[in-house]
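What follows is a single structure, written as structure tokens, with notes after it.
The values are calculated or read from the model by the stated rules, or taken from the named source; none is laboratory data. These numbers come from a predicted model, not from an experiment. FYI the Cβ positions are ideal-geometry reconstructions off the backbone, even for glycines, and counts take in every protein chain you see.
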Amino acid sequence: MLIDDIETAEPVIYGQLKNCGNHTFIVIDENKQTFKLNVDKKYRNDKLFWSSLYSIAKEKLWVPITKSTHKLINDDWLVSIIK
């Protein structure tokens, strides 16, 4: 199921990442507003995580981000269906 098909606990916005160097990324949302991407502590030393973010920024892909905390969503665009 896609994230747009359900109501999530936290509102979601969509944005593109812009690399600002030194593990800092700015998010540009659909309305051209910008804000800093907040990264969880558990990912700050994860080389694969940072490599993925650099690749996403380079390709200008849109990613789902929580509206209030400005963090990436763990499940990306897909969510599991609870039965």
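What tally of residues in the range 22-38 results from selecting those that are at pLDDT below 90 and surrounded by 13 or more Cβ atoms within 10 Å (Cβ to Cβ)?
Matching residues across the range 22-38 total 1.
For a quick check of your reading of the model, give me the residue pairs whose first member lies in the range 64-75 and is in contact (Cβ under 8 Å) with a residue 60 or more places away in the chain, whose second is among the small types (Gly, Ala, Ser) and assigned to a strand (DSSP E or B), with beta-carbon atoms closer than 9 Å and at least 6 apart or on different chains.
Here the result reads 64/15, each pair linking the range 64-75 to a residue that is among the small types (Gly, Ala, Ser) and assigned to a strand (DSSP E or B).
For the range 10-62, give me the residue count where each residue is closer than 15 Å to residue 74 by Cα, in a strand (DSSP E or B) and of a type in the set (Phe, Trp, Tyr).
2
State which residue pairs qualify: first residue under 18 Å from residue 70 (Cβ atoms) and inside the range 35-57, second residue surrounded by 11 or more Cβ atoms within 10 Å (Cβ to Cβ) and among the hydroxyl-bearing types (Ser, Thr, Tyr) in any location, beta carbons under 6 Å apart, and separation of 6 or more residues or different chains.
49/43
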